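Peer 1: Before I ask anything, let me first share the structure, which is written out below as structure tokens.
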């Protein structure tokens, strides 16, 4: 089933050249993903300088991730109602202003508050960039290439975080990890105002406040509960309480959207489009793949092979470069092959790569046991991620482009948070079982289990992909 709308026949929603619009969307996505990882390397310096308590330091990272994932549906619908240019500019302003506050912070509370606000700004930006691509590039090949570039920019941002964070913290100060966003944000605001047309969807709608409150609060509570699993058991009150509350709120959100909202924030009719529904399920599963690859491979390099954080980031650079190249190749192939062949090929790479990586141990070498499998996995990510994003956001009217972008980003982020929490629990339990040996060997056993579970996620994505509609050329 394909949703059609007269909105898609309207004049192009950008005033500047297409390459500038694409560069703007990619730069915003790069900055959003970069800030999810760049802070990690700076955490020890931040703790020493601001006097963070041990339990509070994690919220420099979690505060950003919580609001980023929790507010994306709201940010996506706001882009539809108030205009993509307006939301991009507002998101960039909020992101840059909170970065300035974080860079000048003199107390832990100020920095955590800045990171929470920064996450809200990111939640306004991410779905708006997808909406800009969907409405600016309507021809299939052009849109596929745009998705490839957008996906690659996010991947580069994630990987650049470890290297850039280490270099900035060592050469300047941890404060510049945040302050560097300010001049970049100002430039991007100017570009957004000049290159995007100030048009709206043409629909007179108000924001669904009940849906916005229940949906945002439900997602935030669920993600908060999952985050608490790192410090508490899965059956503990700090985990179960917020998670159950979040699920109940999401049930209320669904009922409100289906029965009571006259202008729903999340139109449930969109889930009747098989490509969108199946694409978002696969993105949810894919989040665990990303966590296993980038997060746990970095931990393996540091905790088992003894690499520094900066060296571990450099060790993952070949995989990041491979991802960028393959993502662009997948974008070129997508209009001809359709979604399913690329997803199945990527899942084959996941099985081979994670299966190979699961054989690594404390005495393994980087070249023989890490480089090869991570390159294979990077090929799989390059084939699947832009393809899944294109599948989950294709064939929607201009007036729903923002909320569909928010949904796809939310599925990926929630999947990553759930995957990270579940895989971390599995790794800790397996390492505890191997505690009789050396610490690196015990940790290696835990990470090997993570890699095997990630291979299983690849199988699950392949199984779900059979539900995709047949590809039609043209």
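Peer 1: Looking at 174, 150, can you tell me which residue is part of a helix (DSSP H, G or I) and either at pLDDT below 85 or within 25 Å of residue 294 (Cα to Cα) (or both)? Walk me through how you get there before you give the answer.
Peer 2: Values: 174 fails: part of a helix (DSSP H, G or I).
The unique qualifying residue is 150.
Peer 1: Of the residues that sit in segment 260-280 and are assigned to a helix (DSSP H, G or I) and surrounded by fewer than 19 Cβ atoms within 10 Å (Cβ to Cβ), which one is modelled with the highest pLDDT?
Peer 2: Step by step, filter segment 260-280, then rank; the result is 277.
Peer 1: May I ask you to verify whether residue 328 is modelled with pLDDT under 85 and either in a helix (DSSP H, G or I) or at negative phi (or both)? Please lay out each step first, then the result.
Peer 2: On the way: modelled with pLDDT under 85: yes; either in a helix (DSSP H, G or I) or at negative phi (or both): yes.
Spelling it out, residue 328 is indeed modelled with pLDDT under 85 and either in a helix (DSSP H, G or I) or at negative phi (or both).
Peer 1: Then there is this: Here are 432, 455: which of them is farther than 22 Å from residue 36 by Cβ and more than 22 Å from the chain's Cα centre (by Cα)? Full working, then the answer.
Peer 2: Working: 455 fails: more than 22 Å from the chain's Cα centre (by Cα).
One residue alone meets the criteria, 432.
Peer 1: Go through segment 331-348 residue by residue and tally those that are in a helix (DSSP H, G or I) and either surrounded by fewer than 21 Cβ atoms within 10 Å (Cβ to Cβ) or in the same structural domain as residue 165 (by TED's automatic domain parsing) (or both).
Peer 2: 10
Peer 1: Residues in segment 375-382: is at least one modelled with pLDDT under 85 and over 30 Å from residue 217 (Cβ atoms)?
Peer 2: Within segment 375-382, none of the residues are modelled with pLDDT under 85 and over 30 Å from residue 217 (Cβ atoms).
Peer 1: Also: Name the single residue that is surrounded by the fewest Cβ atoms within 10 Å (Cβ to Cβ) among those in segment 67-109 being in a helix (DSSP H, G or I) and out of contact with any helix residue (DSSP H, G or I) (no Cβ under 7 Å at 6 or more places or on another chain).
Peer 2: 109
Peer 1: For residue 312, indicate whether it is without any contact (Cβ under 8 Å) to a residue 12 or more places away in the chain and part of a helix (DSSP H, G or I).
Peer 2: Here the answer is no, as residue 312 does not meet what is asked.
Peer 1: Right, something else. Look through segment 191-214, keep the residues that are surrounded by 22 or more Cβ atoms within 10 Å (Cβ to Cβ) and at pLDDT 85 or above, and return whichever of them is farthest from residue 247 (Cα to Cα).
Peer 2: Result: 192.
The values are calculated or read from the model by the stated rules, or taken from the named source; none is laboratory data. The shown structure was predicted, so the numbers you read here are calculated from the model rather than taken from an experiment. Cβ coordinates were reconstructed from backbone atoms using ideal geometry, including for glycine residues, and neighbour counts include every protein chain displayed.
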